[in-house]
Every structure is written in C-alpha cells, then in structure tokens.
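The values are calculated or read from the model by the stated rules, or taken from the named source; none is laboratory data. Just so it is clear, the model here is predicted, and its values are computed rather than measured. When we count neighbours, we look across all protein chains shown, and the Cβ atoms used for this are built from the backbone with ideal geometry, even at glycine.
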Amino acid sequence: MSELQINTTQNVKISFNNAAVGQRIGAFLIDSAIKTGYIMLTMFSFGAFKGMDSWSQAAINSLLGLPVMFYSLFQEYMLNGQTLGKRILNVRVVKIDGYQASFSDYLVRWFFRIVDVYILCLGFFVIIFSKKKQRLGDLAAGTAVIQLNDKVNIRHTILENLQTDYKPTYSSVIKLSDNDARIIKDTFVRAKVQDDYKTIKKLKQKLIEVLDIKDVKQQTDKAFVEVIMKDYNYYTQDML
C-alpha cells in the first residue's frame, strides 16, 4: 500500500496510506447497491402515476432520479469526504494541499465520474498508474482518497490518548502545527483550572475562524476545544 504525504498550510507533513484499489472498488459497489435498491423501491411507486400524462410522468421520474444522480456529490459534501460506501470501508476524500475539501472540489470529482466510471472505466486504470492513486476527478480537484487508520499511536505528548474507535469531526485541524497545538492545550488547561470560561469561549471562536469551520456541532465551548485537540492528535498520528 502506497503512502501519501500532505504538506499542511503550517508546513507540517502528515502521512496517510492511500486507499487500496480494492477498497475504492468495494466502496463503489456498496454505493451502487444502495442506489440500485432505491431505484427498485421507486419502481414500485410508478403504478400510482399511470393515470398521468407523459409529461407529468417524465417530470416525476426525473425528480425521483435526482438522489441517484447526485448521490456521491451530496454525501461527500455532507459527510466530509465520505459516502456510505466509503464510510463502511473506512476511506475518505481529502485535499492534498492540506486544506479542507470544498463543495467545488467534490463537484469536480462528481463531474469527472462520467469519464472515470462510465467511459471504459478509465478511472480504474488511472488509479493503478497514478503515483498518488488518483483518478482523473482527483487529479482535477487536487484530492486523493486515503485509508483512515483505526489504530492510534501517540507520536508526541501534546494530546491525551484516544480510543481505538475514535472518529474525528473536523479534518481542517491539519492546518495547525505542533506548536499551535501545544499553545492551544496549555491555554485550555490553564483556563479549565481557573474556571476561566471567557478564555475558553474566545479560544473556540478563534479556532473556528482560523480553521474555517462552517459546520460547528452543537456542543459546549469546552467540549469543542477538546474535540479539536483529539482530532489533531488523530490526524497527526504515526501511520502503522
């Protein structure tokens, strides 16, 4: 299995294992099975529309087909680089420049599926011969598909240990450097000891701004900072 090194915006190198071709095919097949199941379910409802004119039936068919058409685009955007198939096989789409993938990146990947998947399965051969195991959509969007590591080794003592089944929430933490993480932890620990909730709130607001987090989960200021530290530890762990 090949290794992908990401240079973050703070000039920190993070190593990931590229998702194996078999994992990517497996995720594609799982997603295809889900879409097929949806199509089969919608076919049972077609009988209710037989009394309608052809234009109405065509409009309803098009509407029902939208979830299948935009399946991968919507899920990768909403699930932070994963579809249900990718989540089951523990792989994720990431930007290779250290930034968090945006909607436009997922849109480019989705658009190139026409070439990668439906034209002679060209993407399969591109992945095999690509140094970073990228299909054409990845090359165009500047993304790659990595394997998420379930096992955790602590590379440094910046953060506390994590459970082996820990799942990160904010992938943009890879923008932080080790020094950033140390400052965050020191500030946070002091604020907790002194019950300085004002500082913790300011720390949360600054992290949201610096990491450009759009979807902030409903949690306390203290819990948010703890998640940020754990996520940083998760993404900067040694790869086994």
Members of segment 52-61 that are in a helix (DSSP H, G or I) and farther than 12 Å from Ile39 by Cα:
Ser54, Trp55, Ser56, Gln57, Ala58, Ala59, Ile60
Residue count for segment 201-228, restricted to those that are surrounded by 20 or more Cβ atoms within 10 Å (Cβ to Cβ) and touching a Lys or Arg at 6+ places or on another chain (Cβ under 8 Å)
2
Would you mind stating whether Gln205 is at pLDDT 90 or above, among the polar types (S, T, N, Q) and in the same structural domain as Asn90 (by TED's automatic domain parsing)?
no
Going through segment 8-40 one residue at a time, which ones are at pLDDT below 85 and either among the acidic types (Asp, Glu) or surrounded by fewer than 13 Cβ atoms within 10 Å (Cβ to Cβ) (or both)?
Asn11, Lys13
Just wondering, is there one or more residues in segment 139-147 that are at pLDDT below 90, surrounded by fewer than 20 Cβ atoms within 10 Å (Cβ to Cβ) and within 22 Å of Asn17 (Cβ to Cβ)?
yes
Has segment 87-95 got at least one residue that is in a helix (DSSP H, G or I), at pLDDT 90 or above and within 18 Å of Ile25 (Cα to Cα)?
yes
Yes/no for Phe129 being surrounded by fewer than 18 Cβ atoms within 10 Å (Cβ to Cβ), under 23 Å from Pro168 (Cβ atoms) and of a type outside the set (D, E, K, R)
no
The residue that is nearest to the chain's Cα centre (by Cα), considering only those in segment 102-126 that are buried (at least 22 other Cβ atoms within 10 Å of the Cβ) and touching a residue at least 24 places away in the same chain (Cβ under 8 Å), is Tyr106
Just to be sure before I move on: is Asp116 modelled with pLDDT of 80 or more and either of a type in the set (A, V, I, L, M) or not assigned by TED's automatic domain parsing to the domain that holds Gly85 (or both) in the structure I sent?
no
Name the pairs whose Cβ atoms lie under 8 Å apart, with the first residue in segment 171-199 and free of Cβ contacts under 8 Å to residues at least 60 places away in the same chain and part of a helix (DSSP H, G or I), the second crowded, with 17+ Cβ neighbours inside 10 Å and among the small types (Gly, Ala, Ser), and 6 or more positions between them or separate chains?
Tyr197/Ala191; Thr199/Ala191
